[in-house]
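All of the numbers you see were taken from the coordinates with simple rules; none came from a lab. It should be emphasised that the depicted structure is a prediction, and the values quoted were computed from it without experimental measurement. Note that we place each Cβ from the backbone using ideal geometry, even for glycine, and neighbour counts take in every protein chain shown.
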Amino acid sequence: MSMDSFIIEALQVLLVIGLAPAFAGWVRTLKCWFQGRSTPGLFQPYRDLFKLFSKEVVLAYNASWIFRFTPYLLFGTAVLAGGIIPILSIDLPLAATADVIVLISLFAIARFFLALSGMDIGTAFGGMGSSREMMIASLAEPAMLMAIFTVSLVNKSTSLAEIVQVIYSGQLILRPSITFALIAFILIILAETGRIPVDNPATHLELTMIHEAMILEYSGRHLALIEWTSMMKLYLFVCLCIAAFAPWGIAVKGSLAALPAAFGFMVAKLGVAGLIIVLIETGLAKMRLFRVPEYLGVAFLLATLGMLSFFILD
Amino acid sequence: MNYDPITIALSSVVLLLGTALIAPLFRRSRNTLINISFILASIASFCVVAAGYYAVETAVVSTATLPIGLPGLPFHIRLDALAGFFLVVVGLLSFFVSIYSIGYVKGYAGHRSVTSLVVFYCLFIAGMLMVVLADDAFCFLVAWELMAAASYFLVMFENERAENRKAALLYLVVAHVGAIAILFAFGILAGFSSGDVFSGYTFDAMRKAEIPVYWATAAFFLSFLGFCAKAGVIPLHVWLPEAHPAAPSNVSALMSGVMLKTAIYGIIRVTFDIIHVFPWWWGSIVLTLGLISMVMGVLYALMQHDLKKLLAYHSVENIGIILVGIGLSMIFISFKLPLLAALGLIAGLYHTINHAVFKGLLFMGAGAVLHATGERNMEEMGGLIHKMPWTAAMFLVACLSISALPPFNGFVSEWLTFQAFLLSPALPNRILILLIPLGAALLALSGALAAACFVKAFGVTFLGHWRGHHRPHVHEVDWTMRAGMVMAGVTCLLLGILPTIFIDWVDVIAEQFVGSTISLSASQYGWMWLTPVSYERASYSGIIVFIGILVVVAAAYALLHVKPGMIRRSHIWDCGFQKINSRMQYNATSFAQPIRRIFGFLFRIRESVEQAPHAGHKAFPKKITYYLSVKDRIWKWLYKPIVDSSFWLSRQAGRLQQGRIQTYLLYSFITILALLVFLR
């Protein structure tokens, strides 16, 4: 571990915190273009966050400490995950803290608390959101782990840095197992981050909402932290996908010289990823809630096929 | 006086038995009785923890022969690393629960005499300790029966309720079917052991015996059946969700937390120690049953709205997870992969102690809620976090642990199990390679469903508004109960963030039974990093996750609170209708509705809605009634035919009884004739 790798670690965490709203803005902008609307610009999420941070917090009388603690915890898990996923470099001091399974569990602990705070105030919407979120999560998690397992069986490790290293040192082969896992993983990302066709991030006060229903009672800086975290979550899931399936361009050695190139690659890949998300979102309509299990079932099936084809073909 | 572990362990058992003996003397003064007996029980438990810890740490096997039992058949006692580990599991939770009980049992003041509770509580713990210490079939079965009988009386403690009596009877029946199976298994094993008739029943003789494969298989499956009946493995689980909630909550904590673990101990002892060479398909059957129990247990739990019943079903799930670890280990060792077998075994043992601690804590929390509100039905609860902050915080810790969320302990053992799953491609059997990873997906499913279930359990019980019709005076429980819970909660966290220390300690068991250790690789990079097989393969640092989250949370909080104030308390926003009330909240039934709809085909669900029409228009019904019944299909498929046929048989046999003396004389005459003919 050199001094450089610590600097890169810090830079990467700051980039996750700082760039996540821009990525969300990029996705929104693209979506506006595709739907023929004019855009509020790439930086609107920053303005939204700033506005929310400067507002006062209104809490219900019966809000408990869980309700107030949750936004900070969400933010904490996302920042920690941002330090673990190899985004700029694989030589990160924190990378060994958690492998992919731990990483997924970090998001699970955030979801656990968010669902609890949805039930804290005691409104019908909050409970509804929590119930649906936990249902979707419980189906998405096995599918996600199946996809991850396929990748880790191919690369003989569950540690992300190591997976990237193995992909790097091998030749570029299009394996059927990895392809299946990638498709499954993209489906899961849409479900986990609450995008169309599973949940619509743009809805508010609709009977179909899931994520928004849980956070309906939040305001002020609490809401700002939660919004920020969900932007970071989208960003991190895309980065996780890039690291597990297409890490080319990342800095293998922890030296500052390799950093600009790695940064350029990252921005380019995020741009493409945003485009893919928007293509899917504009092409599809939101599903009925009880269609979602079928959707996640397809993802699980694809991941399983990926694993079986690894054992049979590779 | 020497202080070797086996003496300390035996003295603790004697202390517990003595407490049970002297308890009736203090019948007059209830408080003295409770204080003295539970403090003695906690001292005994603590000594057991010390003895067990020392036995595992030094890995010295000590044996003793007690001059009790039948003439020529003395009790053999043995304390090795495995027994030591289970002594720690039993002792640790008994210690927490005994302190908790001081406050809890006082809650029965004025309702009933607690002497029987105290006596059987001590006998119950002593029975569990003796099961673990036993080194011959005779002593094992006597202790096993002591444990079963004592717990039967504890389940019967509140015997004025018909369902408690029914639950206790069911428990007794299943426990004895299991005990008979274990007796047969030991019979087979003893039959092949060398030596004279009077020493064949010791485990030592059984270990040395040369058993043909088919007899070993019969012995294994008989003992496995018996232990599964005790552990509540599906399909032998039906007694568990009835009996555990019926017992007083401190006893439920012990039954769910550690009594089930004696069955796990038995499985490991018989399989890895006594039989020790076995074909791979035994392991695959253990693994399959574990997976079924795991998923079905959590799904049943999700359907419950009785808090203690929900927790009892989660015991079925967690026993499943432990069996998955053990089953994987059995498969690996039968293919001569000792390192992977060690990983699976350690994962199973780790989950054993984790489940003991967090399930004990959960039942203690449920008991505190029951103590304070008099309610077990979650649909009548809500908002308790404001009235019972300590209980709520500790219950939350246990919920996080059992949902396998980092940095708490349940996560570490499930993570190790995942790693064991992912190493299955090393197996030489192609079908196993294809099928075993699907088990990992089921483990992920059950983990996620457990999280959903505990969001429901915590959210409905402690958050929101009070849902009940009448509002009891709710108070926080007294300091002894809080102390018991806080100690268990801290243990959950410690086991979660210091896994390498635990694995270093417990590794000697894996070395004895599968001939390999994982501690060399597991703590290769210092105590902070858990690297079960190799650094490249996977790594986890619970303490960095814990500290990392804390630091970021603190930093964000500090940064956002540079300017003070800016929080306004207000009424719930009700869209301007001003009609919001506590009946509009989601409750346990509605929370589980989406999952019930998806997995409903596994249950027998009857659902109906009745509307009482309003005089004006049918669109405005006066009252809507919703009926829901969720039943266990296994009861109908497996148990009901058995129950029906045994009733039919006894009715047929009942025809012999006519009540006329002539008929009975005829029976005697025929019997004598038959005896004379056949036994000339």
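Observations
- Label point of B:Phe335 set 7 angstrom out along Cα-Cβ; within the stretch B:497-515, amide nitrogens under 18 Å from it belong to B:514-515.
- Look at where the Cα atoms of the stretch A:263-314 and of the stretch A:140-204 average out, and the two centres are 8 Å apart.
- Only Lys, Arg (+1) and Asp, Glu (-1) charged, at Cβ; chain B dipole about Cα centre in debye: 2640
- The HN-Hα couplings worked out from phi for the stretch B:10-19 by the Karplus form 6.51 cos²θ - 1.76 cosθ + 1.60 (θ = phi - 60°) are 5, 4, 5, 4, 5, 4, 5, 5, x, 4 Hz, whole numbers, x standing for Gly and Pro.
- Cα-only Debye scattering, chain B: base-10 log of I(q)/I(0) at q = 0.10 Å⁻¹: -0.98
- Restricting the stretch B:246-291 to chymotrypsin sites (Phe, Trp or Tyr not before Pro) in coil, as DSSP defines it, with at most 12 other Cβ within 10 Å: none
- Taking all pairs of distinct alpha-carbon atoms in the stretch A:3-313, Kirkwood radius in angstrom: 20.0
- Put simply, the amide H of A:Ser89, placed in the peptide plane, has neighbours under 5 Å in A:Ala251, leaving out anything fewer than 5 places away on its chain.
- Here the contact order of the stretch B:453-604, divided by its residue count and restricted to Cα pairs under 8 Å and six or more residues apart, works out to 23 percent.
- Of all stretches in chain A that contain no GluC sites (Glu not before Pro) in a DSSP loop with at most 15 other Cβ atoms within 10 Å, the longest one is A:57-205.
- Surface/4 estimate of mean projected area, convex hull on alpha-carbon atoms of the stretch B:346-494, nm²: 9.6
- Secondary structure note: in chain B, about 100% of the DSSP beta bridges are antiparallel.
- Using the Stokes-Einstein relation with a Kirkwood hydrodynamic radius computed over Cα pairs, the translational diffusion coefficient of the stretch B:9-50 at 20 °C and a viscosity of 1.002 mPa s comes to 207 µm²/s.
- Nonlocal amide H pairs with B:Asp136, under 5 Å, H built at 1.01 Å: B:His76, B:Phe203
- Taking every DSSP bridge with both residues inside the protein assembly as shown, close to 80 percent are antiparallel.
- Adding -39500 (n - 2.57) for every DSSP H run of four residues or longer, then dividing by how many residues the protein assembly as shown holds, sets the calculated 222 nm ellipticity at -22500 deg cm²/dmol.
- Of the chymotrypsin sites (Phe, Trp or Tyr not before Pro) found in the stretch B:157-208, those in coil by DSSP whose Cβ has at most 16 other Cβ atoms within 10 Å are B:Phe198.
- Computed over chain A, relative contact order equals 31 percent, with contacts defined as Cα pairs under 8 Å that lie 6+ residues apart.
- Under the Debye formula (equal points on every Cα, no solvent term), log10 I(q)/I(0) of the protein assembly as shown at q = 0.04, 0.05, 0.08 Å⁻¹: -0.20, -0.32, -0.80
- Cross-link reach is defined here as a Cα-Cα straight distance under 18 Å, omitting same-chain residues fewer than 8 places apart; for B:Lys359 the aspartates and glutamates meeting it are B:Glu242, B:Asp306, B:Glu317, B:Glu414.
- Residues with amide H under 5 Å from that of A:Met209, placed H, sequence gap 5 or more: none
- Calculated P(r) of the stretch B:163-307 - Cα pairs past 19 Å, %: 56
- In the stretch B:11-107, the trypsin sites (Lys or Arg not before Pro) that fall in loop regions by DSSP, at most 15 other Cβ within 10 Å: B:Arg27, B:Arg28
- Anchor B:Lys230: lysines whose Cα lies under 16 Å away (excluding residues fewer than 8 positions away in-chain): B:Lys261
- Neighbour net charge for A:Asp199 - beta-carbon separation under 14 angstrom, K R +1, D E -1: +2
- Exceeding the 24 Å Cα-Cα cut-off - candidates B:Lys309/B:Lys631; B:Lys308/B:Lys456; B:Lys166/B:Lys456: B:Lys166/B:Lys456
- A run of chain B free of exposed loop cleavage sites, with GluC sites (Glu not before Pro) counted only in DSSP states other than H, G, I, E and B and at most 12 other beta carbons within 10 Å, reaches its longest extent at B:211-680.
- Rounded Å value of the spacing that divides the Cα centres of the stretch B:81-100 and the stretch B:603-680: 41
- For the stretch B:342-416 versus the stretch B:244-305, the spacing of their alpha-carbon centroids is 18 Å.
- Theoretical FRET efficiency, 1/(1+(r/R0)^6), r = Cβ-Cβ of B:Lys623 and B:Gln578, R0 25 Å, to 0.05: 0.65
- A straight Cα-to-Cα reach below 27 Å connects A:Lys51 with the lysines A:Lys31, A:Lys233, B:Lys563, residues fewer than 8 places away in its own chain not being considered.
- Relative contact order [Cα under 8 Å, 6+ residues apart], the stretch A:80-149, whole percent: 21
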